[in-house]
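Structure first, commentary second.
Values in this text are rule-based calculations from the coordinates and carry no lab data. Bear in mind that the values here come from a model prediction, so they are computed numbers and not experimental data. Methodologically, a virtual Cβ is constructed for each residue, glycine included, from the backbone with ideal geometry; neighbour enumeration extends over all protein chains shown.
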Amino acid sequence: MALDGVTLAYLVKELAPSLVGARIDKIFQPEKDEIHIQLRQQGSRRLLLNTSATSPRFHFTQEIKKNPSSPPMFCMILRKHLEGGKLIRLHQNELERVITFEFQNYNDRGDLVSLHLYLEIMGKHSNLILVDPQTNTILDGLKRYSHALSQYREVLPGRAYLAPPSQGKQPPLEDEEFWRATLYKEELEHPITSILLARFAGISPELAREIVIQAGLNAEIRLHQCGEIDLSRLFQAYRRLSNPEGISNIQPCLYYKLTPRPQLFAFSFLPFQQYQDLKVEYVPSLNDAIQIFYQSKSNNNTLESKRGSLKKIVQEQYSHMSKKLKIYSEAEESAQKGLAYQRWGELLTANLYRIPPGSSEAFVEDYYDPSGSTVTIPLNPHISAIDNAQRYYKLYNKAKATLLKTKELKEASLEEISYLESLQYTLNQAATITELNEIHLELVGQGYVAGKNIKENLPFKKGRSKSSSKSKSKTPKEIPQPRVYRSSQGRIILVGKNNAQNDWLSLRKGKPTDLWLHTKVIPGSHVLVPLEDGEEFPDDKTLEEAAALAIYFSQARGSSQVAVDYTHVKQLKKPNSAKPGMVIYDQNWTLYLTPKQEILEQLIASEEVTD
């Protein structure tokens with residue numbers, strides 16, 4: 001959800017008691033569009049002010065970011081004027097997205113002066129501006145710009161401060177007739193959500209949609225489709241949700257999407273019906289909801305950025321190997337045609353006495369053909385018939401050698417492509433920076449990315465060098481944390497998150513008698529079902545659910561009648577120089593399954609959090 005005017009009003013109301021009267025200890029600017037103010041009032045707290053285009057906001061934070069070696073100019077201006085001062089007031093004008101922080105501090109001459117810090121939350125135009133209220137003069141702005149960028153105003157030291165232009169929206173209305181009259185200023189064909197957004201202050205698209213839904217109407221309903229009762233219900237929902245004075249006790253919520261991977265999706269100051277299909281988490285305060293949401297958003301941006309860079313590396317390798325495979329396939333096809341030269345050579349050898357010197361072609365009977373057909377064989381007239389036969393034998397031997405070499409190269413390319421497909425799958429499934437870092441290390445180990453070879457530093461490496469054994473006591477190695485699920489029968493099911501974890505799970509973690517599952521031929525995660533001593537198989541329900549997880553965590557997700565191989569860990573072998581995550585097995589059983597959605601949902605919800 002956007003940080004709209006209504007939500008800001010609740011946030012100001014919540015934070016004002018903790019902010020008003022606080023002393024300013026330190027000011028930092030860890031990022032070009034973010035200021036941290038260290039406040040002291042019955043303890044120390046850190047206030048974050050962000051003006052980025054995608055996440056402008058303010059809230060308390062516990063995150064301490066690394067600061068630049070030298071503070072930026074705006075940070076130095078804030079320190080000069082605000083450090084040691086007191087925050088005396090925090091307010092919002094109506095439901096505009098401009099928050100005013102009023103400070104008092106002593107200037108260079110020892111006089112007590114007032115200063116205003118305006119946080120303007122306006123998307124890509126967001127800004128933080130320090131103003132002297134006595135003269136309405138800008139002392140500085142986090143983002144400076146002149147009339148060359150904005151015809152409306154300049155944000156430069158010494159210029160007069162102009163508030164952002166008013167959008168002419170109505171503040172929260174209590175008069176239903178006036179509210180209806182405002183609605184009818186728009187075209188009748190317009191959706192109600194767009195009219196609420198355009199005509200009334202403090203409302204975001206999500207809040208407008210929620211007003212319509214809580215009125216019991218379709219979210220896409222248009223003005224001309226609303227009757228008297230519909231309008232009355234709309235007004236009641238509008239009054240309840242758009243007026244910050246109307247709700248004394250808010251219930252901040254966080255909403256999570258669980259597919260394709262768990263992800264924080266939205267927050268709200270009250271439970272929203274439009275998110276009723278999502279997983280909801282209630283949090284103690286709106287500040288906590290906003291902090292957690294934007295921290296998750298920042299982490300997700302970092303995650304997607306790293307995922308994108310790794311996917312680009314893998315895709316480049318995949319394209320390169322696909323081109324090589326095409327070349328090998330074409331060479332193989334051409335060499336297959338060259339195998340016919342052996343037949344021509346033998347036919348020429350058998351008919352040497354019948355071929356006159358200087359002939360450009362030979363017409364000979366094909367004794368390989370039961371019908372005794374005649375074959376026309378092109379000849380080089382400048383050499384003898386026996387030399388022409390030898391030439392065809394050489395072409396045949398060359399084609400045969402090409403086929404043998406090409407087969408080896410083609411198989412290696414197919415194996416490489418299969419491995420790269422498994423990397424693409426694990427990259428798409430990775431849900432944390434830690435998981436992506438493991439894949440990055442795997443790429444380094446395979447030579448796709450420049451860097452120190454880290455194989456001996458992996459806790460799940462099959463062998464350890466002497467140096468790694470010596471360093472073990474100094475730096476304890478991190479144990480992989482695969483996904484852990486519970487079957488409906490209470491059995492543990494383990495699922496690897498990437499190729500390196502798959503190797504560790506199958507070759508190190510699993511006991512010889514444990515059950516191992518994987519989608520047949522299709523890239524995916526290794527699945528392990530630990531078994532008790534003397535137990536050959538788990539119950540049928542657990543086996544089916546483990547197979548469902550193997551399908552869900554593979555490229556076959558969403559498919560029907562997927563083949564899943566299962567066998568015991570003792571049957572698994574890893575050939576020398578095999579890629580991470582690659583194993584072979586001789587004895588196995590195969591289960592064909594179409595996972596049921598309700599079973600998958602129950603399994604995914606049963607995931608246990610690992611340390």
request  = List the aspartates and glutamates whose Cα lies under 13 Å from the Cα of Lys573, skipping any in the same chain that are fewer than 8 positions away.
outcome  = Asp503, Asp586
query = To the nearest Å, what is the center-to-center distance of the stretch 314-362 and the stretch 380-438, using C-alpha atoms only?
reply = 16
ask   = How much net charge surrounds Ala289 when only other residues with a Cβ under 13 Å from its Cβ are counted (Lys, Arg +1; Asp, Glu -1)?
value = -1
remark   = Computed from the beta carbon distance with a Förster radius of 56 Å, FRET efficiency for Glu63 and His224 to the nearest 0.05 stands at 0.70
message = Quick one: the Cα spread of the stretch 253-315 along its three principal axes, in angstroms, biggest first?
response = 43, 24, 13
Length gained when the stretch Arg180-Ser248 is fully extended (0.36 nm per residue, less Cα-Cα span) = 21.9 nm
task = Return one number: the angle in degrees, 0 to 90 and rounded to the nearest 10, between the long axis of the Cα atoms of helix 286-338 and the longest principal axis of the Cα atoms of the chain.
result = 20
query = Just how large is the dipole of the stretch 320-396 about the Cα centre, in debye to the nearest 20, putting +1 at every Lys and Arg Cβ and -1 at every Asp and Glu Cβ?
reply = 380
ask   = What is the spin-label model distance, in nm, from Ala450 to Val280 if the labels are put 7 Å beyond Cα along the C-beta direction?
value = 5.3
query = Going through the stretch 90-174, which GluC sites (Glu not before Pro) have at most 11 other Cβ atoms within 10 Å and a DSSP loop state?
reply = Glu174
query = How do Asp230, Asp108, Asp387, Asp4 rank when sorted from fewest to most other Cβ atoms within 10 Å of their own Cβ?
reply = Asp108, Asp387, Asp230, Asp4
note = Karplus ³J(HN,Hα) for the stretch 113-129 (6.51 cos²θ - 1.76 cosθ + 1.60, θ = phi - 60°; Hz, whole; x = Gly/Pro) runs 10, 9, 9, 10, 10, 9, 9, 9, 9, 9, x, 5, 9, 4, 7, 10, 10
ask   = Length gain on complete extension for the stretch Ala578 to Arg109, per 0.36 nm per residue less the alpha carbon to alpha carbon distance?
value = 161.3 nm
ask   = Whose amide H sits under 5 Å from the amide H of His59, counting only residues 5 or more places off or on another chain, with H placed in the peptide plane?
value = Leu48
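The stretch 1-138: D in µm²/s via Stokes-Einstein (Kirkwood Rh, Cα pairs, 10 °C, 1.306 mPa s)? Walk me through the numbers before you get to the answer.
Working: Rh = 15.3 Å.
Taking Rh from Cα pairs, D becomes 104 µm²/s.
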For Ser418, Ser150, order by how many other beta-carbon atoms lie within 10 Å, fewest first = Ser150, Ser418
ask   = What is the magnitude of the charge dipole of the chain about its Cα centre, with +1 placed on the Cβ of each Lys and Arg, -1 on the Cβ of each Asp and Glu, and no other charges, expressed in debye to the nearest 20?
value = 2580
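Determine the relative contact order of the chain: mean sequence separation of Cα pairs under 8 Å and six or more apart, normalised by residue count, in whole percent. Spell out each step's value before the answer.
Working: 1008 pairs, mean separation 43.9, N = 611.
Averaging sequence separation for qualifying contacts and normalising by length gives 7 percent for the chain.
Using helices alone, what [θ] at 222 nm do you get for the chain, with -39,500 (n - 2.57) per DSSP H run of 4 or more residues, divided over all residues and rounded to the nearest 500? Let's see the in-between values first.
Values: 14 runs with 222 residues, N = 611.
Calculated mean residue ellipticity at 222 nm is -12000 deg cm²/dmol.
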Total charge dipole magnitude, the stretch 483-605, about the Cα centre, Cβ charges on Lys, Arg, Asp, Glu only, Debye to nearest 20 = 600
key: Length-normalised contact order for the stretch 176-282 - Cα pairs under 8 Å, 6+ apart - percent   = 21
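Among residues other than Glu532 whose Cβ falls under 11 Å from its Cβ, what is the net charge (Lys/Arg +1, Asp/Glu -1)? Provide the component values of the computation, followed by the final result.
Values: positive: Arg491, Lys511; negative: Asp514, Asp533, Glu535, Glu536.
Every neighbour counted, the sum reads -2.
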ask   = Expressed in nm², what is the orientationally averaged projection area of the convex hull enclosing the Cα positions of the chain?
value = 47.5
ask   = Too long at a 28 Å Cα-Cα cut-off: which of Lys32/Lys306; Lys13/Lys66; Lys394/Lys579?
value = Lys13/Lys66; Lys394/Lys579
key: Sparse-neighbour loop sites [GluC sites (Glu not before Pro); the stretch 1-88; at most 13 other C-beta within 10 Å; DSSP]   = Glu63
message = I need the calculated FRET efficiency for the pair Asp533 and Ser329, taking r as the beta carbon distance and R₀ as 45 Å, to the nearest 0.05.
response = 0.35
note = the chain: longest segment with zero exposed chymotrypsin sites (Phe, Trp or Tyr not before Pro), where exposed means DSSP loop plus at most 14 other C-beta atoms within 10 Å, is residues 369-611
inquiry  = Using a Debye calculation, one point per C-alpha and no hydration shell, please list log10 I(q)/I(0) for the stretch 200-248 at q = 0.29 Å⁻¹ in order.
reply    = -1.18
C-alpha center-to-center spacing [the stretch 65-107, the stretch 115-132] in angstrom = 10
note = The exposure ranking of His59, His320, His224, fewest beta-carbon neighbours within 10 Å first, is His224, His320, His59
key: Length added when fully stretched, Arg89-Gln597, from 0.36 nm per residue minus Cα-Cα   = 177.5 nm
note = In the stretch 515-611, the GluC sites (Glu not before Pro) that sit in a DSSP loop and have at most 13 other Cβ atoms within 10 Å of their own Cβ are Glu532, Glu535, Glu536
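Based on the Cβ-Cβ distance from Gln390 to Val609, what FRET efficiency comes out when R0 is 51 Å, to the nearest 0.05? Display every interim value, and only then the final one.
Values: r = 74 Å, r/R0 = 1.45.
It comes to 0.10.
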Whole-number D in µm² s⁻¹ for the stretch 302-453, Kirkwood Cα-pair radius fed into Stokes-Einstein, 25 °C, 0.890 mPa s = 126
note = Distance in nm between Ser232 and Gln342 label points, each 7 Å along Cα→Cβ, equals 9.4
